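Visitor: Handing you this structure, nothing more for now.
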Amino acid sequence: MTKQLAVNGRFLSQATTGTQRYALELVTRLVERHPGRVVLHVPLGTEVPAAIAGAAQVRESRARGQVFEQVALPWATRRDLLLSPGGPAPVAARRQVATIHDVSVFRHPQTYSRAFRTWYRAMYRVLSRRAVRVLTVSQFSADELGRVLHVPPSRVSVVPNGADHVDRVAATQPDLTAYPGLALGEPWVLCVGTFARHKNLGPALDALEAAGISSVVVGARGSAAVFAEAGAQRWTRAHFAGRLSDEELAWLYGHATALVFPSLYEGFGIPVVEAQRLGCPVVALDTGPMREVGGDAVLLCDAGHPERVVEAVRRLVEEPGLREATVEAGRRNAEGFRWDASADRLEDALTRAGWSW
């Protein structure tokens with residue numbers, strides 16, 4: 001029997017995106033449920049949240065980054081079951097439950113730089129064979145793991161994202177002077193994402209621009225070191241906010257006409273359920289896991305016609321009854337995505353991997 005559960009804490013040294021949010025919420029619940037039974041391994045200089053540090057054993061490595069994850073961590077956990085909840089994981093780990101959120105590096109290789117996609121493809125191929133169990137975030141993504149990496153369903157556990165972390169956030173208005181020309185009395189939409197090509201943000205902004213609809217884009221720039229094209233400024237009505245606090249993002253969800261989520265490929269799409277829980281209607285493309293994640297509460301548009309996004313936004317403005325129904329259906333749908341329920345699924349996955357509390 002495994003004596004201690006080791007956790008790959010590299011995610012705590014990274015900026016918070018959906019991937020890091022996923023790991024943080026699940027690991028926080030895991031250590032709170034089982035105080036003293038989890039050993040969290042982190043890179044040198046990592047700040048560990050009090051909620052985790054108070055219930056887990058924390059071991060700080062002398063290494064950082066890839067050296068920590070691919071060299072130091074496998075050695076430090078060689079006798080343990082290792083949980084890697086943040087996406088990347090050590091390929092040399094002997095016994096590991098690894099998380100693969102999606103297979104976009106295979107489905108949309110043009111999105112990423114050559115170095116990034118080469119490394120991630122190699123890593124995912126190894127993890128898909130060596131991990132004793134693989135976690136992913138939706139049934140759609142589980143099916144993709146089978147189709148692309150040939151991971152049998154018997155080795156995959158679906159542990160979805162939650163949405164109720166937004167309940168802890170006090171909405172705070174961001175500095176709107178940074179968005180010149182944005183008239184909050186007129187319809188405007190929120191977009192959350194990067195210029196990764198499969199996120200399809202550019203065509204959606206083109207359609208909104210042509211229709212005279214303003215937008216606030218959060219986190220849109222991305223990294224030129226990761227994405228093959230980080231995007232260029234060509235819009236007068238799109239206002240790029242960069243990274244905002246959770247409080248500022250919550251305010252935008254609460255005041256936008258809609259969240260426009262034009263992605264062509266996702267493992268899950270956490271902004272969809274965040275928006276729904278905060279009463280923001282969602283307009284998305286009918287692709288990937290959107291029906292699974294958004295339920296019947298998302299206005300779905302044909303992926304081949306970006307102008308349909310504009311039509312859906314206009315309907316929300318012109319048909320108050322539709323907006324009210326969409327908001328109410330969204331809140332009901334988001335209620336089904338809670339982190340405690342996801343933590344239950346995680347514990348089941350660990351049990352299937354041979355762990356016993």
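The values are calculated or read from the model by the stated rules, or taken from the named source; none is laboratory data. Here the structure is a predicted model, which is why all the values come from computation and not from measurement. Because the Cβ atoms are built from the backbone with ideal geometry, glycine has one as well, and the counts that use them run over all protein chains shown. Remember, those area values only see protein heavy atoms, side chains included, never the ligands or the DNA or RNA. Shrake-Rupley method; radii C 1.70, N 1.55, O 1.52, S 1.80 Å.
Visitor: At a 1.4 Å probe radius, carbon and sulfur cover how many percent of the accessible area of segment 165-336?
Guide: C and S atoms contribute 49 percent here.
Visitor: Please give the length that would be gained between HIS34 and GLU307 if that part of the chain were fully extended, namely 0.36 nm times their separation in residues minus their C-alpha to C-alpha distance (nm, one decimal).
Guide: 93.3 nm
Visitor: How would segment 165-336 be classified by its alpha-carbon gyration tensor: rounded, prolate or oblate, with rounded meaning a/c under 1.5 and the a/b versus b/c comparison settling the rest?
Guide: Cα axes put segment 165-336 in the rounded bin.
Visitor: Between ARG94 and SER356, with labels modelled 7 Å along Cα→Cβ, what's the label distance in nm to one decimal, could you check?
Guide: Placing both labels 7 Å beyond Cα along the Cβ direction yields 2.0 nm.
Visitor: Does anyone have the angle between helix 246-255 and the longest principal axis of the chain? Alpha-carbon axes, 0 to 90°, nearest 10?
Guide: 30 degrees
Visitor: Related question: I'd like to check one number: the per residue accessible area of the chain, probe 1.4 Å, reported in Å² as a whole number.
Guide: Computed with neighbouring chains in place, this is 42 Å² per residue.
Visitor: In addition: Given H placed 1.01 Å from N in the peptide plane, which residues other than close sequence neighbours of ALA303 have an amide H under 5 Å from its amide H?
Guide: Counting only residues 5 or more places away or on other chains, the set is ASP286.
Visitor: Still on this structure, I have one more. Check which residues have an amide H placed less than 5 Å from SER215's amide H, if you skip close sequence neighbours.
Guide: Result for SER215 returns VAL189, ALA238, HIS239.
Visitor: Could you run the Karplus curve 6.51 cos²θ - 1.76 cosθ + 1.60 with θ = phi - 60° over segment 274-282 and give me ³J(HN,Hα) per residue in whole Hz, x for Gly and Pro?
Guide: 4, 4, 4, 5, 9, x, 9, x, 10
Visitor: What does the charge count around VAL317 come to, taking other residues whose C-beta lies under 10 Å from its C-beta (Lys +1, Arg +1, Asp -1, Glu -1)?
Guide: With Lys, Arg at +1 and Asp, Glu at -1, the net is 0.
Visitor: Determine the sum of side-chain charges near LEU176: Lys and Arg each +1, Asp and Glu each -1, restricted to other residues whose C-beta is under 14 angstrom from that of LEU176.
Guide: -3
Visitor: SER128 accessible area, nearest 10 Å², 1.4 Å probe?
Guide: Answer for SER128: close to 10 Å² accessible.
Visitor: Can I ask one more? Just read off the accessible area of TYR124 with the full protein assembly in place, 1.4 Å probe, to the nearest 10 Å².
Guide: Estimated to the nearest 10 Å², TYR124 gives 20 Å².
Visitor: Related question: Angle, helix 320-335 long axis vs. longest principal axis of the chain, Cα atoms, 0 to 90°, nearest 10?
Guide: The angle comes out at about 0 degrees.
Visitor: Compute the distance in nm between two label points, each set 7 Å from the Cα along the Cα-to-Cβ direction, one at ALA51 and one at ARG323.
Guide: Label-label distance for ALA51 and ARG323, simple model: 3.3 nm.
Visitor: Nearest 500 deg cm²/dmol is fine: what mean residue ellipticity at 222 nm does the chain get from its DSSP H runs of n ≥ 4 alone, each adding -39,500 (n - 2.57), divided by its residue count?
Guide: Mean residue ellipticity, 222 nm, calculated: -11000 deg cm²/dmol.
Visitor: Accessible area, 1.4 Å probe, largest first: how do ILE52, ILE270 sort?
Guide: Per-residue accessible area, sorted high to low, gives ILE270, ILE52.
Visitor: Among the DSSP beta bridges whose two residues both lie in the chain, what percent are antiparallel, rounded to the nearest 5?
Guide: 5 percent
Visitor: Follow-up question, since we're still on this one. Can you tell me the orientation of helix 114-130 relative to the chain, as the angle in degrees between its alpha-carbon axis and the longest Cα principal axis, to the nearest 10?
Guide: Rounded to the nearest ten degrees, it is 50.
Visitor: Could you give the nm distance between label points at VAL67 and ARG168, where each point is 7 Å from its Cα heading toward the beta carbon?
Guide: That separation, rounded to one decimal, is 3.3 nm.
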